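Q: My structure is below; once you've seen it, I'll send some questions.
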Amino acid sequence: MTKKEAIKIFEEKKVRTLWDDETEEWYFSIVDVIEILTDSDRPRKYWGDLKRKLKAEGSQLSEEIGQLKLPASDGKLYKTDVATTQQLFRLIQSIPSPKAEPFKLWIAQVAKERLDEMQDPELTIDRAMMEYKALGYSDNWINQRLKSIEIRKDLTDEWKRHGLQEGVQFATLTDIIYQTWAGKTSKEYKKFKGLKKENLRDNMTNTELVLNMLAELSTKQISETSDPETFNEHIDVARRGGNIAREARLKLEEETGKKVVSPLNAKTGLRLNKGNTENNNNE
């Protein structure tokens, strides 16, 4: 397992973090976060008391917390309680501190927005458009991305109709689609683009998005026609759908002399070169 260390600066204080390539998760030192949010001079004792409080309240969060070796002030590595981003937000909600309030308000706002979107799905589209625009994406790219979301949902609805389970089965089929048309699994594709937790499709060029849409649309239509019954049959359908996009990619590369699968991502130029994205991604 390869891990990359990083230091996050929060209010001019350091929070020790660790990126795990295997789980694709950031892990944060809990005592560092507690020290910052509470100004406690005994953050370990505070965390110990909080763990007991959470356990008494019936929360299983403290039992889910793991330990990783992180560098201490003496430069040596010691096992330290760490939390994922999701676990950290759950912990913050249990900390009575003015510094924690902005996080709590933000979590409440996100929850409200999600509930509103469940009542009115159009709000999801509106919010996505505003967020992509705020990040600097071009209108053309945004239109492609929103269409890709629609096609992806149609495919996952088709998988659900056949009784497939979200999680491992969806991820396996998605990897097969990527591997077939792009020559890379999702993890390999993200690594190629220099991504960690970022959404892969949010870092695709227009051409990559179009070919991925073709692969997923083809997979969905083949599934509707062939009506696969076993998971192995779904794997075969995913390969067939991905192969249609693969043939289109190879033909395009032959005609243009340019590679379609690009290391370009949102940070390295995808958003900055709005009018020249497809030229830059093949240099």
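Q: What are the semi-axes of the equivalent ellipsoid for region 121-280, taken as the square roots of 5 times the Cα gyration tensor eigenvalues, largest first, in whole Å?
A: Gyration-tensor ellipsoid for region 121-280: 26, 19, 14 Å.
Q: What does the convex hull of the Cα atoms come to per residue for region 21-67, in Å³?
A: 87
Q: List, largest first, the extents of the alpha carbons of region 201-240 along their principal axes, each in whole Å.
A: Result for region 201-240: principal-axis Cα extents of 34, 16, 13 Å.
Q: On a straight-distance basis, which lysines could pair with residue 220 in a cross-link, Cα separation under 20 angstrom, same-chain partners fewer than 8 positions away excluded?
A: Once the sequence-local lysines are set aside, what remains near residue 220 is 147, 153, 160.
Q: Can you give me the P(r) profile for region 58-100? Cα pairs, bins 10 angstrom wide beginning at 0, each as a whole percent.
A: 25, 40, 31, 4
Q: Going 7 Å from the Cα of residue 72 in the Cα-to-Cβ direction, what parts of region 32-52 have a backbone nitrogen less than 13 Å from that spot?
A: It comes to 44, nothing else.
No value in this document is a laboratory result; all are computed from the given coordinates. Since the structure is predicted, the reported quantities are computational estimates derived from the model, not experimental observations. Heads up, the Cβs are rebuilt from the backbone with ideal geometry, glycines too, and the neighbour counts pull from every protein chain shown.
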